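Let me begin by presenting the structure, written as structure tokens, before commenting on it.
The values are calculated or read from the model by the stated rules, or taken from the named source; none is laboratory data. Note that the structure is predicted; figures quoted are calculated from it, not measured. Every residue, glycine as well, gets a Cβ built from its backbone with ideal geometry; the counts of neighbours run over all protein chains shown. Keep in mind that these areas ignore ligands, DNA and RNA; they rest on the heavy atoms of the full protein, side chains included. Shrake-Rupley method; radii C 1.70, N 1.55, O 1.52, S 1.80 Å.
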Amino acid sequence: MTNWAGNITFQARAVQRPSSVGELQGLVARGTKVRALGSGHSFNTIADSPGELVSLGGLPQEVELDAAAGRVKVTASVRYGELGRRLHEQGYALRNLASLPHISVAGSIATATHGSGDANGNLATAVTGLELVTAGGDLVRIDQGEELRGAVAGLGALGIVTGVTLEVVPTFEMRQNVYEGLPFETLCERFDEIMAAAYSVSVFTGWRGPLVDQVWVKRAPGEEEPDWSWATPAERPRHPVPGMPAGPCTEQFGVPGPWFERLPHFRPEFTPSSGEELQSEYLLPRRHAAGALRALMGISERIAPVLQVSEIRTVAADELWLSPCYREDVMAVHFTWVKDTPAVSRVLALMAERLAPYEARPHWGKLFGDTPEALRAGYERLPDFRALVRRYDPAGKFTNDFLDRHVLGS
């Protein structure tokens, strides 16, 4: 088995597909090394196991709305595209979504995956409770205090998450417009103004010249279309990757639609890519935005030849221990690379060096060139997380090489 991109071949000796939580509990209790397998959208070995992988796709897919409490409980393997549709039909919404609706809830929150928006936290910030099977096969719930803040973006290290409770809000409509011709220096100089233009803003660039390629602006009710003199509205529908057909992308030109059909860049009924790509992402304190952008432009001749497209977003601060947004508003710079691992790895090593002065942290589920020591140094609550792991998994049943090297330090 491989991940979605095909750059990782899983080393697990078996993949188990339980059809009930009780069956999962028995598998975990009997196993020596076990990890959950989500939708396969990680690009490194974070999801692998030296023993067994467990797919939760066979569990009953449940979406239980508690309107009075403003919460919804979902099976961990439910994907955001399906969850969004079902919530909207009942009059509710999530505050934010990632660019892809095809990813699973549990896998996304475990790695602090995010969308965009000055006031929008990453997807894990919506979590108000977790149910998970721990090393002894027990089903436990975590739903309060510091323990929850440590467990939500938990990288699969505490157990197999079976259910997630999320905060919901009343459903809402959005409009999406695409702009072109924004000068790169204007982005650097007016970064706060540009990213504050709407509920969610994404900037796409190939790092190939003085202009960024596109700015995708997603407006909530009451927000006006930006009055920018330095960028022009696109004349036809756009795909984030230049030259690609726009059919798989969500509706543009300000056509109103429900939140779950505008916040993602891609429609759930389309496969956004064939998997012929690699991905990386760095998140860094927003106060460093201009300096970091200029540092990346300084190595554009190395980035551009192996790049398909890069996306720049903003994410609000949170209190989650292993979130790259812990107590700091951040700028996130995402890279969709060509599928050439040796060439991309050379660029990642250089990128880690150039971004180090800006306190950049890589996305947990994507490729990066940072050393384990540098990565661990970026998380002040890591000692607390290690203590939490020892309490829930004292024998290391849910660990793997990635966690041992980059997180647990063993």
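Screening the candidates Leu59, Leu65, Leu27 for the property of being over 29 Å from Phe335 (Cβ atoms) and in a loop (DSSP other than H, G, I, E, B) yields one hit, Leu59.
Can you report the number of residues in segment 188-221 which are at pLDDT below 95 and over 13 Å from Gly254 (Cα atoms)? Working first, answer last.
Applying the first criterion (at pLDDT below 95) to segment 188-221 yields 208-209, 221.
From the residues that got through so far, the ones that are over 13 Å from Gly254 (Cα atoms) too are 208-209.
Of the residues in segment 188-221, 2 are at pLDDT below 95 and over 13 Å from Gly254 (Cα atoms).
Which residues, taken from segment 218-241, are of a type in the set (S, T, N, Q) and surrounded by 11 or more Cβ atoms within 10 Å (Cβ to Cβ)? Of everything in segment 218-241, just one residue is of a type in the set (S, T, N, Q) and surrounded by 11 or more Cβ atoms within 10 Å (Cβ to Cβ), namely Thr232.
Condition check: hydrophobic (A, V, I, L, M, F, W, C), open to solvent by 20 Å² or more (accessible area, probe 1.4 Å) and at pLDDT 95 or above. Does Val309 satisfy that?
Values: hydrophobic (A, V, I, L, M, F, W, C): yes; open to solvent by 20 Å² or more (accessible area, probe 1.4 Å): no; at pLDDT 95 or above: yes.
Taking the combined requirement at face value, the residue does not satisfy it.
If I filter segment 57-64 for residues that are in contact with a Ser or Thr (Cβ under 6 Å, 6 or more places away or on another chain), closer than 29 Å to Thr314 by Cα and not aromatic (Phe, Trp, Tyr), do I get at least one hit? There is no residue in segment 57-64 that is in contact with a Ser or Thr (Cβ under 6 Å, 6 or more places away or on another chain), closer than 29 Å to Thr314 by Cα and not aromatic (Phe, Trp, Tyr). Residues that are part of a loop (DSSP other than H, G, I, E, B) and either in contact (Cβ under 8 Å) with a residue 60 or more places away in the chain or surrounded by 18 or more Cβ atoms within 10 Å (Cβ to Cβ) (or both) within segment 205-217 comprise Gly206, Trp207, Arg208, Val212, Asp213, listed in sequence order.
Would you confirm whether or not segment 194-204 contains a residue that is surrounded by fewer than 18 Cβ atoms within 10 Å (Cβ to Cβ), in contact (Cβ under 8 Å) with a residue 24 or more places away in the chain, farther than 27 Å from Glu89 by Cα and out of contact with any helix residue (DSSP H, G or I) (no Cβ under 8 Å at 6 or more places or on another chain)?
Of segment 194-204, the ones surrounded by fewer than 18 Cβ atoms within 10 Å (Cβ to Cβ) are 196.
Next, from what is left, pick out any that are in contact (Cβ under 8 Å) with a residue 24 or more places away in the chain: 196.
Going one step further and asking which of them are farther than 27 Å from Glu89 by Cα, we end up with 196.
Those left that are additionally out of contact with any helix residue (DSSP H, G or I) (no Cβ under 8 Å at 6 or more places or on another chain): 196.
Yes, some residue in segment 194-204 is surrounded by fewer than 18 Cβ atoms within 10 Å (Cβ to Cβ), in contact (Cβ under 8 Å) with a residue 24 or more places away in the chain, farther than 27 Å from Glu89 by Cα and out of contact with any helix residue (DSSP H, G or I) (no Cβ under 8 Å at 6 or more places or on another chain).
Residues in segment 37-53 that are part of a helix (DSSP H, G or I) and open to solvent by 30 Å² or more (accessible area, probe 1.4 Å): Thr45 alone.
Here's a check for you: in segment 310-363, which residue that is basic (Lys, Arg) and in contact with a Gly (Cβ under 9 Å, 6 or more places away or on another chain) is farthest from Lys218 (Cα to Cα)? If we take residues in segment 310-363 being basic (Lys, Arg) and in contact with a Gly (Cβ under 9 Å, 6 or more places away or on another chain), then Arg346 is farthest from Lys218 (Cα to Cα). How about segment 312-368: which of its residues are part of a loop (DSSP other than H, G, I, E, B), open to solvent by 50 Å² or more (accessible area, probe 1.4 Å) and either in contact with a Pro (Cβ under 7 Å, 6 or more places away or on another chain) or more than 20 Å from Trp4 (Cβ to Cβ) (or both)? Answer for segment 312-368, where residues must be part of a loop (DSSP other than H, G, I, E, B), open to solvent by 50 Å² or more (accessible area, probe 1.4 Å) and either in contact with a Pro (Cβ under 7 Å, 6 or more places away or on another chain) or more than 20 Å from Trp4 (Cβ to Cβ) (or both): Glu319, Arg327, Glu328, Asp329, Glu359. Residue check: is Gly22 open to solvent by less than 40 Å² (accessible area, probe 1.4 Å) and without any contact (Cβ under 8 Å) to a residue 40 or more places away in the chain? For Gly22, the condition - open to solvent by less than 40 Å² (accessible area, probe 1.4 Å) and without any contact (Cβ under 8 Å) to a residue 40 or more places away in the chain - is not met.
When residues of segment 124-150 are filtered for being within 21 Å of the chain's Cα centre (by Cα) and open to solvent by 10 Å² or more (accessible area, probe 1.4 Å), how many remain?
We begin by selecting, within segment 124-150, every residue within 21 Å of the chain's Cα centre (by Cα); these are 124-132, 148-150.
Keeping just the survivors that are open to solvent by 10 Å² or more (accessible area, probe 1.4 Å) gives 125-128, 131, 148-149.
Count: 7.
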